[in-house]
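The values are calculated or read from the model by the stated rules, or taken from the named source; none is laboratory data. What you see is a predicted model, and the numbers here were worked out from it, not measured in a lab. Using ideal geometry, Cβ is built from the backbone for each residue, glycine included, and neighbour counts are taken over all protein chains shown. Side chains are part of the model used for accessible areas, which takes the heavy atoms of the whole protein and leaves out ligands, DNA and RNA. Shrake-Rupley method; radii C 1.70, N 1.55, O 1.52, S 1.80 Å.
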Amino acid sequence: MPLPAKAFQRWLSGVAPDTSTADICRISGVKRTTLAQQMVRGKVAETTVVSISRAYNINPVAALATFDTYSGLASSSLPPTEKELVSQIATVDLLRAVIVRTAPEGSTGPGQPGLSPTPHATSVKNWVDAIDDGELRHRVSAATGVAPQNYSAQLTANRLAPELAVATSRAAGVGLASGLVATGLVTETEAGWPPGARQAALDRLSDGDLTALAGERLQAMGRTLRRQEQDQEQTERIWENLV
């Protein structure tokens, strides 16, 4: 849910008093036309607040917490669960870890690259799956009024509106900022995740669990690719019939 323009103006006057809109946009990288359109509509995107916060060295999570919609972020201090951390590890990093662990000693070269930054290609759906007890989607739907099929459609597209991400965290009983990390709105550091937490969670996986997880990710990727190929074939047939 975009933030009310009036509340945004009050927040901005405290963050950058006596600073012109042009200067704020120049410093933050937010386009003047974009901000102007949001103000006219009376609804300012959360990404705008995040960009301006970073430009002025303000933690974006703390900034969002000053708005009524996200006030719960201020009191949420739960650390990410082990499953949440693992869910934010890209599939390619899981596969690389499998290779490193199973390869003959010395055959993979010195050291290994760090993990890919969040978010990754399936970070949102993986995160929801990691915290879902089987009834999570229904609780989120009941709490927000968002139809289950619309919620699922967002997950399939690997996106989730910020307010839905927070609502999902609340319904699952996990840290409220975790969903914002999964969606890419804020970083792990900004959400207060411990440094190196994802890598530590990966290191704690047994070889069996790591291999099984990598296999599950590959199967899910295969299903997605097959659907995309089928859609492409169908599109090509339609065009052939139209020509």
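Hey, among the residues in the range 1-10 that are assigned to a helix (DSSP H, G or I) and closer than 27 Å to residue 146 by Cβ, which one's most open to solvent (accessible area, probe 1.4 Å)?
If we take residues in the range 1-10 being assigned to a helix (DSSP H, G or I) and closer than 27 Å to residue 146 by Cβ, then 6 is most open to solvent (accessible area, probe 1.4 Å).
Mind counting the residues in the range 38-64 that are open to solvent by 20 Å² or more (accessible area, probe 1.4 Å), assigned to a helix (DSSP H, G or I) and closer than 13 Å to residue 4 by Cα? First the steps, then the outcome.
First pass over the range 38-64, keeping only residues open to solvent by 20 Å² or more (accessible area, probe 1.4 Å): 39-43, 45, 47, 51, 54-59, 62.
When the remaining residues are screened for being assigned to a helix (DSSP H, G or I), the result is 39-41, 47, 51, 54-55, 62.
Add one more test, that the residue is closer than 13 Å to residue 4 by Cα, and what stays is 39-41.
Number of matching residues: 3.
For residue 13, which of the numbered conditions (1) within 22 Å of residue 169 (Cβ to Cβ); (2) open to solvent by 50 Å² or more (accessible area, probe 1.4 Å); (3) among the small types (Gly, Ala, Ser) fails to hold?
Of the numbered conditions (1) within 22 Å of residue 169 (Cβ to Cβ); (2) open to solvent by 50 Å² or more (accessible area, probe 1.4 Å); (3) among the small types (Gly, Ala, Ser), the odd one out for residue 13 is (1).
Can you tell me how many residues within the range 123-150 are of a type in the set (Ser, Thr, Tyr) and open to solvent by 70 Å² or more (accessible area, probe 1.4 Å)?
Counting residues in the range 123-150 that are of a type in the set (Ser, Thr, Tyr) and open to solvent by 70 Å² or more (accessible area, probe 1.4 Å) gives 0.
For a quick check of your reading of the model, give me the residue pairs whose first member lies in the range 200-223 and is within 22 Å of residue 156 (Cα to Cα) and among the charged types (D, E, K, R), whose second is part of a helix (DSSP H, G or I) and open to solvent by less than 50 Å² (accessible area, probe 1.4 Å), with beta-carbon atoms closer than 9 Å and at least 6 apart or on different chains.
Listed by first residue and then by second, the contacts come to 217/91; 217/94; 217/126.
Return the residues of the range 216-243 that are basic (Lys, Arg) and open to solvent by 90 Å² or more (accessible area, probe 1.4 Å); say none if nothing qualifies.
223, 226, 227, 237
Yes/no matrix, rows are residues, columns are (1) in contact with a Phe, Trp or Tyr (Cβ under 9 Å, 6 or more places away or on another chain); (2) closer than 16 Å to residue 126 by Cα; (3) of a type in the set (Lys, Arg):
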residue: 152; (1), (2), (3): no, yes, no
residue: 155; (1), (2), (3): no, yes, no
residue: 158; (1), (2), (3): no, yes, no
residue: 170; (1), (2), (3): no, no, yes
residue: 176; (1), (2), (3): yes, no, no
residue: 183; (1), (2), (3): yes, yes, no
residue: 187; (1), (2), (3): yes, no, no
residue: 195; (1), (2), (3): no, no, no
residue: 199; (1), (2), (3): no, no, no
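Quick check on my filter: what residues within the range 74-99 are out of contact with any Phe, Trp or Tyr (no Cβ under 9 Å at 6 or more places or on another chain), of a type in the set (A, V, I, L, M), surrounded by 14 or more Cβ atoms within 10 Å (Cβ to Cβ) and not in a loop (DSSP other than H, G, I, E, B)?
Within the range 74-99, 86, 92, 94, 95, 97, 98 qualify.
Going by the conditions given, is residue 190 touching a residue at least 60 places away in the same chain (Cβ under 8 Å) and outside any helix (DSSP H, G or I)?
Values: touching a residue at least 60 places away in the same chain (Cβ under 8 Å): yes; outside any helix (DSSP H, G or I): yes.
The answer is yes for residue 190.
Mind checking which residues of the range 127-163 are on the phi > 0 side of the Ramachandran plot and under 19 Å from the mean Cα position of the chain (by Cα)?
Correct list: 158 only.
For residues that are outside any helix (DSSP H, G or I) and within 13 Å of residue 61 (Cβ to Cβ), tally how many sit in the range 148-183.
We begin by selecting, within the range 148-183, every residue outside any helix (DSSP H, G or I); these are 157-161, 173-177.
Subsequent filtering for residues that are within 13 Å of residue 61 (Cβ to Cβ) retains 175-177.
Total meeting the criteria: 3.
If you take the residues in the range 16-30 that are closer than 26 Å to residue 179 by Cα and in a loop (DSSP other than H, G, I, E, B), which one is least open to solvent (accessible area, probe 1.4 Å)?
Going through the qualifying residues, I end up with 30.
When only residues in the range 193-214 that are over 30 Å from residue 73 (Cβ atoms) and surrounded by 13 or more Cβ atoms within 10 Å (Cβ to Cβ) count, which is farthest from the chain's Cα centre (by Cα)?
The residue in question is 211.
Please identify the pairs in which a residue from the range 50-69 that is under 17 Å from residue 24 (Cβ atoms) and in contact (Cβ under 8 Å) with a residue 12 or more places away in the chain has its Cβ atom under 7 Å from the Cβ atom of a residue that is open to solvent by 60 Å² or more (accessible area, probe 1.4 Å) and of a type in the set (A, V, I, L, M, F, W, C), counting only partners at least 6 apart or on another chain.
That search, which allows pairs on different chains as well, returns 55/27.
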